[in-house]
Amino acid sequence: MLRWHRDLLRRHHAQQSRPKRPGRPRTVRSIRLLVLRLVDENPGWGYRRVHGELAALGLKVAASTVWNILHEHGIDPAPDRDRTTRTAFLRSQAQAIVAIDFFETRTLTGARLTVLTAIEHATRRIRILGTTAHPTAQ
């Protein structure tokens, strides 16, 4: 009877001592948020750079943990994130982009005029900078 009782206690203790979740515990939420914030504010940084910044702050986190956090949130590696498409570049620089061109037109009297025009990409406004009947190099 005593042997049966000891066996029952041993099994009960083993079941209670077993971890509730198998594997390593999750990374602390504040560290996860800090990793995501660093990557959001610095799109050119890869997981190794973020790992180095965390180490400089005194936080001991493995580089693979930083990589796993980025991977879980669907964040691409730094070279893929850092690329800017032509459309995005033009939108960000639209205030400064101006296209200038000459064209030739005829007036109602039949005179030929050369017109210098500029279009502002941000506002799509066309500006006539000058007209002349006799264009020269100046």
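Tell me which residues, restricted to the range 33-53, are among the small types (Gly, Ala, Ser) and assigned to a helix (DSSP H, G or I). 52 - this is the single residue of the range 33-53 that is among the small types (Gly, Ala, Ser) and assigned to a helix (DSSP H, G or I). Would a scan of the range 86-96 turn up a residue that is on the phi < 0 side of the Ramachandran plot, of a type outside the set (D, E, K, R) and in contact with a helix residue (DSSP H, G or I) (Cβ under 9 Å, 6 or more places away or on another chain)? Scanning the range 86-96 turns up no residue that is on the phi < 0 side of the Ramachandran plot, of a type outside the set (D, E, K, R) and in contact with a helix residue (DSSP H, G or I) (Cβ under 9 Å, 6 or more places away or on another chain). Of the strands (runs of 3 or more DSSP E) lying entirely inside the range 54-138, those containing at least 3 residues that are out of contact with any Asp or Glu (no Cβ under 6 Å at 6 or more places or on another chain) and surrounded by 14 or more Cβ atoms within 10 Å (Cβ to Cβ) span 112-120.
Can you tell me how many residues within the range 6-32 are of a type outside the set (S, T, N, Q) and in a loop (DSSP other than H, G, I, E, B)? Residues flagged as of a type outside the set (S, T, N, Q) and in a loop (DSSP other than H, G, I, E, B) within the range 6-32 amount to 10. Considering only residues that are modelled with pLDDT under 90, of a type in the set (A, V, I, L, M, F, W, C) and under 14 Å from residue 39 (Cα atoms), which ones fall in the range 64-113? Result: 75, 78. On inspection, residue 72 does not qualify as within 30 Å of residue 122 (Cα to Cα) and not assigned by TED's automatic domain parsing to the domain that holds residue 122.
Could you please find all residues in the range 96-126 being under 17 Å from residue 137 (Cα atoms) and among the hydrophobic types (A, V, I, L, M, F, W, C)? Scanning the range 96-126 gives 100, 102, 103, 113, 115, 116.
The values are calculated or read from the model by the stated rules, or taken from the named source; none is laboratory data. Everything quoted here is computed from the prediction, not taken from an experiment. Cβ atoms come from the backbone with ideal geometry, glycine included; neighbour counts cover every protein chain shown.
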